[in-house]
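Everything below concerns the one structure shown next.
The values are calculated or read from the model by the stated rules, or taken from the named source; none is laboratory data. A quick note: this is a predicted structure, and the numbers were derived from the prediction, not measured. All Cβ positions, even for glycine, are placed from backbone atoms using ideal geometry, and neighbour counts span all protein chains on display.
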Amino acid sequence: MTTVSYFGLTLLTLGAILGTYFWRGMGVLFASRVNSAGAVFQWVTFVSYAMLGGLIARMVVLPIGPLEETSLLIRSLAFATGVTVFLLLGRRVLPAVLIGVGSFITMMFFSSFNVAVP
Amino acid sequence: MITNPRAVDRIAIRDSLGYPAITLLASMIGFGSLVNESGLPLGLAIAGTLGIWGLPGQLTLVEMHAAGASAFFVILGVALANARFLPMAVSFMPLMPSRRKGIASDFALVQMLSINSWAAGLKRFPEIALELRRRYYVVFGAICMTAGLIGTIIGYLGVEMMPREIALGLIFMNPLFFAVLLAGVNNRPSLIALLIGAPLGLFFHLALPDFDLLLTGIIGGSLAFWIAQRWPRPDNSP
């Protein structure tokens, strides 16, 4: 957790919003005029996916913030449960997330790994 | 072909109020709770949801900020996390042409574009008259955004009232949601990029924490690109 002024946070959020809108706006500008399957777009999409894969792994294995107080074993098991349900039950997002999170909460309640919060 | 505006409204409401609205409500509950637990204000949660309107970018904003990355890298990271909006908008906007000349209103409408409205539009548009497609998109998108906004606020305020185990479960929902949403894309090279990125992300987080996500993206993405070039398939478009 870092302490930043509200002004700084506002600028950061605005920057993030503009950084996202950049792609949307470019999409409108280029709509139907470019081939979205072209090499540059593909590369950017893969960069995006690889980055997100890294972020997911970090959030599960090396989380920052409140999840640090939970055990790696519980996070990994619950994550694997959710993804397995997703792959087995016809790729439905909601049941997978609910069962995965449910298993996480259940393990948290019943586990001795559960570190009490001060 | 549906040519009655009322009928279009009804279909848009029915399509959005089911699965998309519930999914968005749930995922944004997770996001709102994460923002609160990261010590950030409710305003950031709301602005993030409505302004970024894409869970990966929203999570990147909170996570990179919490990790102490500098503003420049946070913004670059968020932008890269949302790069998929470019090919989405390119392929989607021409499907709902404006009655008037010009694309000025498209610049406003594109803000509502998300994976949900994109998928719903691709599915429904063939049944809807050209001039009513924007109507469908706006009704659908407005309901989705409302659900996301409500979820964000519930998550932000609710996380403090829950038992600790459940509050942590809500935060844990973020990476899981994220993983299954992305794993659902029917595009093998993108999935390869996702899987290559996972170990690279851990490695760079430990080795070069300041640039971890950017290096992961550029190296992992280029590797996936290289593989995709050597393994041409018909489903290569994002």
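Some points to look at:
Each row is one residue, and each column tells you yes or no for (1) among the aromatic types (F, W, Y); (2) at the interface with chain B (Cβ under 7 Å from one of its Cβ atoms); (3) within 28 Å of B:L206 (Cα to Cα).
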site: A:F7; (1), (2), (3): yes, no, no
site: A:A31; (1), (2), (3): no, yes, no
site: A:A39; (1), (2), (3): no, no, no
site: A:L52; (1), (2), (3): no, yes, yes
site: A:A78; (1), (2), (3): no, yes, yes
site: A:V83; (1), (2), (3): no, yes, yes
site: A:G100; (1), (2), (3): no, yes, yes
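The rows are residues; the columns are (1) within 14 Å of the chain's Cα centre (by Cα); (2) closer than 30 Å to B:G221 by Cα; (3) surrounded by 17 or more Cβ atoms within 10 Å (Cβ to Cβ); (4) of a type outside the set (S, T, N, Q).
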residue	(1), (2), (3), (4)
B:M64	no, yes, yes, yes
B:F125	no, no, yes, yes
B:R133	no, no, yes, yes
B:E160	no, no, no, yes
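- When B:V185 is tested against (1) part of a helix (DSSP H, G or I); (2) under 20 Å from B:L55 (Cα atoms); (3) among the β-branched types (V, I, T), only condition (1) is not met.
- Enumeration of residues in the range B:98-123 that are in contact (Cβ under 8 Å) with a residue 12 or more places away in the chain, under 15 Å from the mean Cα position of the chain (by Cα) and in a helix (DSSP H, G or I): B:V110, B:Q111, B:M112, B:I115, B:N116, B:S117, B:W118, B:A120
- Within the range B:57-73, if we keep just the residues that are facing chain A (nearest Cβ under 7 Å) and closer than 15 Å to A:F22 by Cβ, the residue that is modelled with the highest pLDDT turns out to be B:L61.
- Any chance A:V47 is on the phi < 0 side of the Ramachandran plot, facing another protein chain (nearest Cβ under 9 Å), of a type outside the set (S, T, N, Q) and assigned to a helix (DSSP H, G or I): yes
- Residue satisfying condition, being part of a helix (DSSP H, G or I), touching a strand residue (DSSP E or B) at 6+ places or on another chain (Cβ under 9 Å) and among the hydrophobic types (A, V, I, L, M, F, W, C), within set B:I11, B:I22, B:I75, B:I46: B:I11
- Residues located in the range A:54-74, provided they are charged (D, E, K, R) and either facing another protein chain (nearest Cβ under 7 Å) or over 25 Å from B:G169 (Cβ atoms) (or both): A:R58
- Residue among B:F140, B:F225 that alone is over 25 Å from A:M107 (Cβ atoms), in the same structural domain as B:A66 (by TED's automatic domain parsing), among the aromatic types (F, W, Y) and modelled with pLDDT of 90 or more: B:F140
- Scanning the range B:180-204 for residues that are modelled with pLDDT of 90 or more and of a type outside the set (V, I, T) yields B:A193, B:L194, B:L195, B:G197, B:A198, B:P199, B:L200, B:G201, B:L202, B:F203, B:F204.
- Only one entry of B:P126, B:P199 meets the criterion of being within 14 Å of chain A (Cβ to nearest Cβ) and part of a helix (DSSP H, G or I), and that entry is B:P199.
- Filtering the range B:69-91 to residues that are farther than 22 Å from B:P175 by Cβ, more than 15 Å from the chain's Cα centre (by Cα) and not aliphatic (A, V, I, L, M) leaves B:S70, B:F72, B:S91.
To keep it simple, each residue is scored yes or no on (1) hydroxyl-bearing (S, T, Y); (2) surrounded by 16 or more Cβ atoms within 10 Å (Cβ to Cβ); (3) in contact with a strand residue (DSSP E or B) (Cβ under 6 Å, 6 or more places away or on another chain).
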{"position": "B:N187", "(1), (2), (3)": "no, yes, no"}
{"position": "B:A193", "(1), (2), (3)": "no, yes, no"}
{"position": "B:A198", "(1), (2), (3)": "no, yes, no"}
{"position": "B:G201", "(1), (2), (3)": "no, yes, no"}
{"position": "B:A207", "(1), (2), (3)": "no, no, no"}
{"position": "B:T216", "(1), (2), (3)": "yes, yes, no"}
{"position": "B:I219", "(1), (2), (3)": "no, yes, no"}
